[in-house]
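Colleague: My questions will all concern the structure given below.
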Amino acid sequence: MGKSIRIHPLCCGYMQVSETVPLGNGKSLKNSAVQLLAKTDRRMKLPVLAYLIEHPDALILVDTGWCREISPKGVYDPAAVKQVLPAHLASFYQPYVPAGMAVHEQLAERGIRPEDLDIVLLTHFDPDHVAGIRHVQKAKRILVAEDEYFWNCRVVYQQRQPKALFEGIPMEHYWYRGSDLGTNRWAYDLLEDNTILCVNIPGHTDGLCSVIVQNGELLEHKRKFALLTSDAAFLPKNWQEDIIPGRGFDPTLQRKGVRWIKAQSAMDSCVGVFTSHDPDIPLQPIEVPFLDRD
Ligand SMILES: [Zn+2]
């Protein structure tokens, strides 16, 4: 008893995106145009968060944020961004990574080498989540959902998810299984101990996984969990005010997703809900109790 799972939010840079990205209430041609062309004063600076999970049995990194090459001097550098991203994504994201904030730099600061990571879990293939993968490619295992990997073949995803960012990286694909969790009732038990559950919440992408980190307790009144939504939501406003993000492939599924997140957030067992782009998330460890069954 007394052990816990500790989740560290790591801010791995920023994206300066149109306010319609987190709060556009659905995909539209107008939103898409605005997202590429928005002037600086109509953009929001949002963090790009990865999460380091210190589990008693495994060290897990969820997503990888931007790569250092996108911002060599730690400031917004449009020419450097275009070396990494195609022009339309460079305009969409306007990303930068202050010195010391790329994922491998933050891990090194904590005395963690990439090869110390047991698992790197990619929630989906959008560049703000995978661009840093080469910095941690020596991790013991890198995992992505088969549904995310497979549907990358769609033209719509190829425009969003440049393959060059992750091509050639040795990656395992996991298969979701029937579950009572999530909008698709599909989940994958990462460590096979009911503590880290990859829950499929399609809408933003087909294979997107939100991550439930929980104490492994099967009885609901003893359960405690934190929910890492990935991009099923961007800001608490999405579920609090029923506004879906303005980027995704299926608004109906996104609506289901934010309503599911709202229901999770209202549960007594919920320690907190954490997105990948919420500027109000404190960069402090989140504790989830761990049941030691021995
Ligand atoms: Zn994102």
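Colleague: Suppose we filter 145, 131, 99, 90 for residues that are in contact (Cβ under 8 Å) with a residue 12 or more places away in the chain, loosely packed, with under 14 Cβ neighbours inside 10 Å and among the small types (Gly, Ala, Ser); which single one remains?
Modeller: So the residue among 145, 131, 99, 90 that is in contact (Cβ under 8 Å) with a residue 12 or more places away in the chain, loosely packed, with under 14 Cβ neighbours inside 10 Å and among the small types (Gly, Ala, Ser) is 99.
Colleague: If you check residue 188 against the conditions, is it in a strand (DSSP E or B) and of a type in the set (Phe, Trp, Tyr)?
Modeller: So residue 188 fits the description; yes.
Colleague: Answer yes or no as to whether residue 123 is in contact with a Ser or Thr (Cβ under 9 Å, 6 or more places away or on another chain) and crowded, with 24+ Cβ neighbours inside 10 Å.
Modeller: When the stated conditions are applied, residue 123 passes them.
Colleague: So residue 231 fits all but one of (1) in contact with a Gly (Cβ under 7 Å, 6 or more places away or on another chain); (2) of a type in the set (Asp, Glu); (3) touching a residue at least 60 places away in the same chain (Cβ under 8 Å); what number is the exception?
Modeller: For residue 231, the exception is condition (1).
Colleague: Of the residues 91, 4, 71, 28, only one is touching a Phe, Trp or Tyr at 6+ places or on another chain (Cβ under 7 Å) and farther than 22 Å from residue 278 by Cβ; which?
Modeller: One residue alone meets the criteria, 4.
Colleague: When only residues in the range 1-19 that are in a loop (DSSP other than H, G, I, E, B) and of a type in the set (D, E, K, R) count, which is farthest from residue 249 (Cα to Cα)?
Modeller: If we take residues in the range 1-19 being in a loop (DSSP other than H, G, I, E, B) and of a type in the set (D, E, K, R), then 3 is farthest from residue 249 (Cα to Cα).
Colleague: Only one residue in 208, 228 is in contact with a His (Cβ under 7 Å, 6 or more places away or on another chain), closer than 24 Å to residue 5 by Cβ, hydrophobic (A, V, I, L, M, F, W, C) and within 15 Å of the ligand (Cβ to nearest atom), so which one is that?
Modeller: Every option except 208 fails the conditions.
Colleague: Still on this structure: Given the condition among the hydroxyl-bearing types (Ser, Thr, Tyr), in a helix (DSSP H, G or I), more than 16 Å from the ligand (Cβ to nearest atom) and surrounded by fewer than 23 Cβ atoms within 10 Å (Cβ to Cβ), answer yes or no: does some residue in the range 150-164 qualify?
Modeller: No, that holds for no residue.
Colleague: While we're on this one: Considering each of 107, 89, 117 in turn, give the residue that is of a type in the set (A, V, I, L, M, F, W, C) and within 16 Å of the ligand (Cβ to nearest atom).
Modeller: Details: 107 fails: within 16 Å of the ligand (Cβ to nearest atom); 117 fails: within 16 Å of the ligand (Cβ to nearest atom).
89 is the lone residue from the list that is of a type in the set (A, V, I, L, M, F, W, C) and within 16 Å of the ligand (Cβ to nearest atom).
Colleague: Kindly evaluate residue 139 against the criterion of being in contact with a Cys (Cβ under 6 Å, 6 or more places away or on another chain) and of a type in the set (A, V, I, L, M).
Modeller: Values: in contact with a Cys (Cβ under 6 Å, 6 or more places away or on another chain): no; of a type in the set (A, V, I, L, M): yes.
Criteria not met by residue 139.
Colleague: Continuing with the same structure: Quick check on the range 232-241. Is at least one of its residues within 15 Å of the ligand (Cβ to nearest atom), farther than 22 Å from residue 149 by Cα, crowded, with 24+ Cβ neighbours inside 10 Å and more than 16 Å from the chain's Cα centre (by Cα)?
Modeller: no
Colleague: Name the residue that is modelled with the lowest pLDDT, counting only residues in the range 197-220 that are in contact with a strand residue (DSSP E or B) (Cβ under 7 Å, 6 or more places away or on another chain) and assigned to a loop (DSSP other than H, G, I, E, B).
Modeller: 215
Colleague: Okay, moving on. List the number of the failed condition for residue 147; all other conditions in (1) charged (D, E, K, R); (2) assigned to a helix (DSSP H, G or I); (3) within 16 Å of the ligand (Cβ to nearest atom) hold.
Modeller: All conditions are met except number (3).
Colleague: Starting from residues that are surrounded by fewer than 16 Cβ atoms within 10 Å (Cβ to Cβ) and among the basic types (Lys, Arg), keep the ones in the range 1-52 and report whichever is farthest from the ligand (Cβ to nearest atom).
Modeller: 3
Colleague: Going by the conditions given, is residue 194 at pLDDT below 95 and either away from the ligand (no atom under 16 Å from the Cβ) or closer than 30 Å to residue 138 by Cβ (or both)? Steps first, please.
Modeller: On the way: at pLDDT below 95: yes; either away from the ligand (no atom under 16 Å from the Cβ) or closer than 30 Å to residue 138 by Cβ (or both): yes.
Yes, satisfied.
The values are calculated or read from the model by the stated rules, or taken from the named source; none is laboratory data. In this text, all values refer to a predicted model and were calculated from it rather than measured experimentally. Cβ sites come from the backbone with ideal geometry, for glycine too, and all protein chains shown count toward neighbours.
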